[in-house]
Amino acid sequence: MNVKELGVVLTPPITADYIVSKLGNISDNQKVLDPCVGPGVFVKSLLKAGVDKTQIFCHDVNSNYKVNIKDLGVKFKFIDTLLSFNSECYGEYDFIVGNPPYLNKASSYVRKNRAKLKQIYGKINAHETYSMFIVNSIWRLKEGGKLGFITSDSFLTLSTHSKLRSFILKNCIINEILLAPINLFDRQNVSTYPVIFFLTKCSKEENEQVRDNNLMKIIPRIKSEKEYWNPPVIIEIKQKRYKALPFNIFFVNAEEQILDLFENAPKLELFLKGYIGMHTHNNKKFIAAIENTELSGIFRKKRKLEKKSENFKVITRLELEKKRWKPYLKRGGGEQYHRPIMEALDWEQDSISIYDIPKSVPFGEEGIVISGISSRLAARYMPEGCYWDSNKAMGFIVQDSSISIDYFLGLLNSSLYNYLSKGILNNTNSIQLTGIHSLPFIKPDRSTHDEVSSLVKKIIENKKNNLSYDYTEEQKSIDIIIFELYAKKYNLSKNLRKDLEENYAIYK
Ligand SMILES: C[S@@+](CC[C@H](N)C(=O)[O-])C[C@H]1O[C@@H](n2cnc3c(N)ncnc32)[C@H](O)[C@@H]1O
């Protein structure tokens, strides 16, 4: 494999110096490992800091580095750190530093070694090499040993890494998380959002309290390497906060009050329950477009190109009203409150027998549909009688009859909820059911409930008459009412309100 395929990105020496400086005192009998040493940036920093060369151990899967590293007088093993791990490797080192390679699951390395990697790391995360290096290195550390790494920051929040985060919380004290400058690797034409973090292994079960009460240092994104030793903002929070957040998100910019809200308020799931939908196994054949919608034109064009006459049907509204078709929801996107139904599901007995329809899902009930793929949280009214797909749209049913569908629509489309789900839980385009369920919910008093409900009714009425109706004014009022309800109980700050207006509102 060539250098690129092995994820070679060199750490700037100042950054390596910072990581080494934070390890604390390294005494004469202690051992330090760089598990993916490359040309030895960290080795040079360690030597500069006065660590004796006999204490430094290195690995790399590329044997070309052997000569250079041996010239530095330290021990080098030409091995694959991830694959060579076995029971003898546990607890060997006092310190581990490095910049693990970032190779994702599409890389030739991960593809080639998938089965073995899965066997070793599958229970925690076998997607990217850097996350496996984190696990591998924590295993290799002695109890009380310290790790300092620079990696991509995506493991802090992405839901695919939730098991890795929970593994870290169970096995380590998190000393520091610092979001490093985004231009750090510019000269190497690599754009990443790097994070530097320090962990101390503390894996005994009886030390749970020590881990929970540990005060972590969280340093939001700094602008340049100069700021390492004197960052403009340092936030200190107890580690148990991360344990309480959904998916154990290692959130860096949250106010304490938002963490309080997640920790203490009941979960939305108790009041509004979502369900993953069904599969037709052949949408082209079983899903038709409804006449006079945006989609009917697209389907007609596709039908012309298509050889099979059974695909891309277009049906009239009248046909939809008959039992032969069911309204069907399968679209993501940012549209809120109301969107005319554009698709219909073939409801012929022969077709139904082909579908996978989960039994526990209350299809057909009136409720809310939330886009599974969207750049913002977007909820729309779901009339009675609908079925939905398993992909881009999720159906939700109200569980507490004292709260109206309209109120939930207003709440979910508010800037506060957009922030909670997009700003905190998941900053990608996909929205997960479990994420929505884990949002905090405060039951509104009657007047708040009714005010929001009536604003939402107005938006829906107007959108029904004119789809491009501008509901900015109503939305502003809803955003204020919802914010105040939550702010009153959880002391949310004016700064947060400003952030919501500037970054999470539809009218920003
Ligand atoms: C991001 S570079 C870091 C190099 C150097 N430590 C630095 O910080 O400048 C990652 C290094 O990991 C090595 N590498 C990739 N996969 C490896 C594996 N499975 N085991 C050991 N080393 C690996 C690459 O050859 C490369 O030298």
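Assorted remarks:
- Residue within segment 382-389 that is part of a strand (DSSP E or B), at pLDDT 90 or above and acidic (Asp, Glu) present: yes
- Conditions (1) surrounded by fewer than 14 Cβ atoms within 10 Å (Cβ to Cβ); (2) part of a strand (DSSP E or B); (3) of a type in the set (A, V, I, L, M, F, W, C); number of the one not met by Phe198: (1)
- Against the test of being under 29 Å from Ser224 (Cα atoms), more than 16 Å from the ligand (Cβ to nearest atom), of a type in the set (Val, Ile, Thr) and not in a loop (DSSP other than H, G, I, E, B), the options Ile168, Ile150, Ile182, Ile134 yield a single qualifying residue, Ile168.
- Checklist (1) free of Cβ contacts under 8 Å to residues at least 60 places away in the same chain; (2) under 17 Å from the mean Cα position of the chain (by Cα); (3) surrounded by 19 or more Cβ atoms within 10 Å (Cβ to Cβ) applied to Gly423, failing item: (1)
- Residue within segment 400-420 that is in a strand (DSSP E or B) and among the hydrophobic types (A, V, I, L, M, F, W, C) present: no
- Among residues of segment 53-65 that are without any contact (Cβ under 8 Å) to a residue 12 or more places away in the chain and farther than 16 Å from Cys89 by Cα, none has a beta-carbon under 8 Å from a residue that is within 9 Å of the ligand (Cβ to nearest atom) and in a strand (DSSP E or B) at least six positions away or on a different chain.
- Test result for Phe483, part of a helix (DSSP H, G or I), out of contact with any helix residue (DSSP H, G or I) (no Cβ under 6 Å at 6 or more places or on another chain) and among the aromatic types (Phe, Trp, Tyr): no
- Selection count, segment 137-147, where residues are in a strand (DSSP E or B) and surrounded by fewer than 21 Cβ atoms within 10 Å (Cβ to Cβ): 3
- Candidates Met382, Met342: the one that is without any contact (Cβ under 8 Å) to a residue 60 or more places away in the chain, over 30 Å from Glu502 (Cα atoms), crowded, with 17+ Cβ neighbours inside 10 Å and under 31 Å from the mean Cα position of the chain (by Cα) is Met342.
- The residues listed here are Asn207, Asn175; of these, the one that is without any contact (Cβ under 8 Å) to a residue 12 or more places away in the chain and either among the aliphatic types (A, V, I, L, M) or away from the ligand (no atom under 15 Å from the Cβ) (or both) is Asn207.
- Failed criterion for Leu117 (all others in (1) within 15 Å of the ligand (Cβ to nearest atom); (2) under 22 Å from Phe250 (Cβ atoms) hold): (2)
- Hey, Thr472 surrounded by fewer than 17 Cβ atoms within 10 Å (Cβ to Cβ), more than 30 Å from Ala344 (Cβ to Cβ) and either modelled with pLDDT under 95 or within 24 Å of the chain's Cα centre (by Cα) (or both) or not: no
- Selection status of Phe262, closer than 29 Å to Ser404 by Cα and in the same structural domain as Tyr419 (by TED's automatic domain parsing): yes
- Selection of segment 208-243 for residues being part of a helix (DSSP H, G or I) and surrounded by fewer than 14 Cβ atoms within 10 Å (Cβ to Cβ) yields Gln209, Val210, Asn213, Lys226, Trp229.
- Residue that is farthest from Asn64 (Cα to Cα) [pool: residues in segment 3-33 that are of a type in the set (Ser, Thr, Tyr) and within 12 Å of the ligand (Cβ to nearest atom)]: Thr15
- For the residues Ser162, Ser154, Ser191, the requirement of being touching a residue at least 60 places away in the same chain (Cβ under 8 Å), more than 17 Å from Ile19 (Cβ to Cβ) and of a type in the set (S, T, N, Q) singles out Ser162.
- Among all positions in segment 432-450, there is at least one residue which is in the same structural domain as Tyr504 (by TED's automatic domain parsing), under 17 Å from Ser477 (Cα atoms) and β-branched (Val, Ile, Thr).
- Selection status of Ser87, among the hydroxyl-bearing types (Ser, Thr, Tyr), over 25 Å from Ile19 (Cα atoms) and within 13 Å of the ligand (Cβ to nearest atom): no
The values are calculated or read from the model by the stated rules, or taken from the named source; none is laboratory data. Keep in mind that this is a model prediction, so the values were computed, not measured. We place every Cβ from the backbone using ideal geometry, glycine too, and count neighbours over all the protein chains shown.
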